[in-house]
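J.: Sharing a structure below in structure tokens format, with a few things to ask.
We did not get these values from a lab; they are worked out from the coordinates using the rules stated. Source: prediction; values computed, not measured. Cβ atoms come from the backbone with ideal geometry, glycine included; neighbour counts cover every protein chain shown.
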Amino acid sequence: MSEAIRTSDGELLSVKLKKVESRRRATAFLLVTPLLLFILIAYIFPIFQMLIRSVDNTEMNQLLSKTAIVIEKWDGKELPPEEVTSTFYYELKDLIANKKHGKIATRLNYEKGGFTSLIKKTARKLDKFDENGNFLDQFMDVHKRWADIEYWLALKRGTQAFHGRKYLTTFDYEQKFDGSIEKIPEKKRINVTLWLRTIFVAVGVTLCCFILAYPIAHLLAALPTRYANLLMICVLLPFWTSLLVRTSSWMVLLQTQGVLNDILVSIGIVADDNRLELMYNMTGTFIAMTQILLPFMVLPLYSVMKTIQPSLMRAAVSMGSTPFNAFRKIYFPLTYPGISAGSILVFVLAIGYYITPALVGGSKGVLISNRIAYHMQKSLDWGLATAMAGVLLIAVLVVYWLYNRIVGIDNMRLG
Amino acid sequence: MLKLTKIISLAAVFLAPSLATAAEVNVVSWGGAYTESQKLGYGDPYAEKSGVAVNWIDYSGGLGEVKAQVESGAITWDIIDVYARDTIIGCDEGLFVEFDFDNDFPAGVNGMPASEDFFAPMPSKCAVGNILYSWNYAYNTDVYQWNAPSTIADFFDADKYKGVRSLYANAMSNLEIALVADGVAAADVYDYMEENGIDRALDKITELCEHPDGGCIFWSAGAQPPEQLVSGEATMATGWNGRHFNAIVNEGSPMKMVWDGQILDYEYFVLVKGGPNQEEAMKALQYFTSSEGLAGSAKHIAYAPFRISSLDIINADEPWFNSPTAGAVRIMPHMPTAPANTKNYILMNPEFYADNNTEINDAWEAWKANL
């Protein structure tokens, strides 16, 4: 057995090496700690906290804590027993005294329409209740809706602390009050259409961007620096302009009475009473989004093409390949890293696009992110909005995972 | 986790523009000619009188933003101009201050207490009345030179009146006029929808939107309908009567309003609970909604002030409207409440929308996406 190697200060070399290594690792970690903390606090944590809302209903569960316990035991086959109605009565009374009944009214309204006015009408008459009488009868006297078992079932389900029903809604399914899961009525289906449309637009825009960006990037890479820089500025200039300004400019151009249509009419391609509808539909969304996202495709492609030796192509041709074959077999494969980087960038940005479709898309160009915004701003159903946002986030992660499996993330080059 | 939330909220508070050292009040409204009328009518006069700066912020409705502000603790809005429906929902959610009406708001110049001087009851305890306005439609007079539409049914008649219509992007207002155009009595529309749902209304609108000579686009900001009419994007557009009036009188646009089947609707102010300057904001709000404050905004837009005493002020001093281009104009005949304009009208029912919000909006949005 050979003697272990020691350093000059008598320590085992392997131990010393490990120490040095771990110290170096600690320093490296310390250096990235601020960034890590920043990402955790400003990014991961808020996202996580937001996503919790999609299943979290603890606020309602706490506001009606006693009712939640007794109503859980009720089987829901017939109108609830006195134990439930009396508990609900006393809790509602407390809520009214604290002016919190409005909150449960809006929350219960998500479960079943008509609850807002039901709670309010009941609240107005609650002080006339005879606390020795039958509560269910008195509830039904105040409003006939209390005789409809679905409102009590909605109360039961609306006071559960956690539930995943928002995720069902995200895909146009609903849980009936008897527990079965069904597709929602055809006239109300919207989300699946929008998911498919969003994916279609994201893929389509990525393709359009690729087709437009490839020649531009090639030109940029092939031109002498002087001209290339000028062209680069042309590519980047819209990049520095506000998104809103660019979208509004497209509106000016694309309107039926807009610049583009005026030109087409004046040169006689289009009849005046038959102007092209380029806006408030999918065409508008495609045109504007492609233009706005184009730089994200051009830049990675350019940076990759710049590194490809022109001599490779010359070598291929000199060895008897046709220029097209040389391009297909030599040049094109070498640009894969740029293509994949650009595509994933454009796709991920496009899948969450929001302002442009809202402005130029009209009703036919609306995407899922507009729907999320709608639930955040207008309907105030934040649970549903976050469920949709969660699904969108997962979709992007899946795309990333697939990309990593197929292409390998190490192959991506941004420059 | 709760603690962390607090720390983050606290950080947000500090990061938020904390320049509110000098007294100022942030008022949020619908922009365009309407905000301008509020600014000229009572915002600027109040700022001059009190030395408190009044900042006007534009939005296009909805409580999402203020809810986010309240939940994060970084509130920047003091006063918001909202639909009746949103005063109900926001009050229920606890976002707004509840008023003690007669104590909080001054009596009218006629001596009547505020609760009587405002000519309709408030939809919630958090609301103070501002204006009465109308959802009516206007058409481009260059397009319909020889056959001018005159009823709400004409708006939906694409056989006789060819051209693209512009509709409000949400269900509100569209369902009502569709039903009236389809033969439901104006007074019965909400009962009808409560009983039978909104399918009939949607069918009527679908018919218009899919008509080869018709078609629909949508507007979401009040300034859009007149713009769309002038640019030719639409030939008829629903909208808020003050915006139409502004385009016709102040800008001389080739447009005309149709009052048949108009929807009378109230608009309110609310005070955000825990806003940056709640006390100053309350004082400002008292001035805004005083007899002279409300009358002041009617100098610049054709919306009826909510106070009887304000209407008296205007009546005593006609021509009251002050157009920058057309000079003084008699405003009372152009108010949504003028007798000639109220021969066939619908009265907006905010309870209906507060109650059936989810159902109606889901159905409407799905309908729109599949159009």
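J.: May I ask which residue of A:LEU108, A:GLY284, A:TYR331 lies farthest towards the positive end of the charge dipole of chain A, with charges of +1 (Lys, Arg) and -1 (Asp, Glu) on Cβ and the Cα centre as origin?
T.: Going by the Cα projections, it comes out as A:TYR331.
J.: Over the alpha carbons of region A:344-415, what is the largest minus smallest coordinate on each principal axis, giving the biggest first in Å?
T.: Sorted from largest, the Cα extents of region A:344-415 read 43, 28, 20 Å.
J.: Once the cut-off is 16 Å, how many percent of the Cα-Cα pairs in region A:165-212 end up in the long-distance tail?
T.: The calculated P(r) of region A:165-212 puts 52 percent of pairs beyond 16 Å.
J.: Quick one: give the max-minus-min coordinate of the C-alpha atoms of region A:1-45 along each principal axis, largest first, in Å.
T.: 55, 20, 8
J.: Still on this structure, please answer the following. Write down the Kirkwood hydrodynamic radius of the protein assembly as shown, to one decimal in angstroms, obtained as one divided by the mean of 1/r over all alpha carbon pairs.
T.: One over the average 1/r among Cα pairs gives 30.2 Å for the protein assembly as shown.
J.: Among A:ASN57, B:ASN241, A:PHE347, flag the residue with its Cα farthest along the positive direction of the charge dipole of the protein assembly as shown, charges on Cβ as +1 for Lys/Arg and -1 for Asp/Glu.
T.: My answer, from the dipole projection, is A:PHE347.
J.: Comparing B:LYS160, B:LYS125, B:LYS283, which has the greatest mean-square fluctuation in the GNM of chain B with Cα pairs linked when under 10 Å apart?
T.: It is B:LYS160.
J.: Give me A:PHE171, B:PHE269, B:PHE321 ranked fewest to most by other Cβ atoms within 10 Å of their Cβ, as a rough exposure proxy.
T.: On the way: A:PHE171 15, B:PHE269 26, B:PHE321 22.
Starting with the residue having the fewest Cβ neighbours, the order is A:PHE171, B:PHE321, B:PHE269.
J.: In bins 5 Å wide, starting from 0, what share of all Cα pairs of region A:97-234 does each bin hold, as a percent?
T.: Percent of pairs per bin, in order: 2, 8, 11, 12, 11, 9, 7, 6, 5, 5, 5, 5, 5, 4, 3, 2, 1, 1, 0.
J.: Mind pulling up the Rg/Rh value for region A:314-384? Radius of gyration and Kirkwood radius, both on Cα.
T.: 1.39
J.: In the Gaussian network model of chain A, springs joining C-alpha atoms below 10 Å, which of A:LYS144, A:LYS176, A:LYS120 carries the largest mean-square fluctuation?
T.: A:LYS144
J.: Something else now. Counting other C-beta atoms within 10 Å, which of A:MET313, A:MET376, B:MET335 has the fewest, and how do the rest follow?
T.: Going from sparsest to densest Cβ surroundings: A:MET313, A:MET376, B:MET335.
J.: Okay, moving on. Quick one: compute a quarter of the convex hull surface over the Cα atoms of region A:58-163 and quote it in nm².
T.: 5.8 nm²
J.: Right, next: Could you give the size of the charge dipole of region A:191-411 about its Cα centre, using +1 on the Cβ of each K and R and -1 on the Cβ of each D and E, expressed in debye and rounded to the nearest 20?
T.: Values: 12 positive and 6 negative charges, 114 e Å.
It comes to approximately 540 debye.
J.: If you don't mind, there's one more thing I want to ask. For region A:37-107 and region A:1-30, what is the separation of their C-alpha centers, rounded to whole Å?
T.: Value for the Cα centre distance between the two parts: 58 Å.
J.: Taking the alpha carbon gyration tensor of region A:26-98, what are the square roots of 5 times its eigenvalues, largest first, to the nearest whole Å?
T.: Numbers: eigenvalues 433, 39, 15 Å².
One finds semi-axes of 47, 14, 9 Å for region A:26-98.
J.: How high is the relative contact order of chain A, in percent, with contacts defined as C-alpha pairs under 8 Å that are six or more residues apart?
T.: After rounding, I find 17 percent.
J.: Hey, if you put +1 on the Cβ of every Lys and Arg and -1 on every Asp and Glu Cβ in chain A, which of A:TYR89, A:VAL259, A:ALA385 ends up farthest toward the positive end of that dipole?
T.: Value computed over the given set: A:VAL259.
J.: Given region B:90-209, report the % of alpha carbon pairs whose separation exceeds 17 Å.
T.: So the pairs more than 17 Å apart make up 68 percent of the total in region B:90-209.
J.: Now for a separate question. Over chain A, what portion of Cα pair distances is larger than 27 Å, expressed as a whole percent?
T.: Of all Cα-Cα pairs in chain A, 69 percent lie more than 27 Å apart.
J.: Hey, what angle do you get for helix A:82-97 against the long axis of chain A, alpha-carbon based, 0 to 90 degrees rounded to 10?
T.: On a 0 to 90 degree scale, this one is about 70.
J.: Tell me the net charge near B:THR76. Cut-off is 12 Å between Cβ atoms, B:THR76 excluded, with +1 for each Lys or Arg and -1 for each Asp or Glu.
T.: -3
J.: Please determine, in degrees from 0 to 90 and to the nearest 10, the orientation of helix A:191-222 with respect to the longest principal axis defined by the Cα atoms of chain A, where the helix direction is its Cα long axis.
T.: Computed tilt is about 20 degrees.
J.: Same structure, new question: Write down, largest first, the equivalent ellipsoid semi-axes of region A:191-411 in whole Å, where each equals the square root of 5 times an eigenvalue of the alpha-carbon gyration tensor. All intermediate terms of the calculation are to be shown ahead of the outcome.
T.: Values: eigenvalues 239, 133, 44 Å².
After scaling each eigenvalue by five and taking roots: 35, 26, 15 Å.
J.: Still on this structure, I have one more. Determine the dipole magnitude for region A:18-165: charges of +1 sit on the beta-carbon of Lys and Arg, -1 on that of Asp and Glu, nothing else is charged, the reference point is the Cα centre, and the result goes in debye to the nearest 20.
T.: Details: 25 positive and 18 negative charges, 242 e Å.
Dipole size: approximately 1160 debye.
J.: Report the per residue volume, in Å³, of the convex hull enclosing the C-alpha atoms of region A:183-234.
T.: Working: hull volume 4.1 nm³, N = 52.
Spelled out: Cα convex hull of region A:183-234, divided by residues, is 78 Å³.
J.: On the first, second and third principal axes, largest extent first, how far apart are the outermost C-alpha atoms of region B:303-349 in Å?
T.: Sorted from largest, the Cα extents of region B:303-349 read 35, 24, 17 Å.
J.: For chain B, just list the percent of Cα-Cα distances falling in each 20 Å bin from zero outward, please.
T.: Result, from short to long distances: 28, 57, 15, 0 percent.
J.: Between A:LEU126, A:LEU260, A:LEU312, which gets the highest mean-square fluctuation from a Gaussian network model of chain A, Cα cutoff 10 Å?
T.: The residue that fluctuates most here is A:LEU312.
J.: Now, a different point. Treating only the Cβ atoms of Lys and Arg (+1) and Asp and Glu (-1) as charged, compute the dipole magnitude of region A:1-45 about its Cα centre; round to the nearest 20 debye.
T.: Approximately 80 debye in magnitude.
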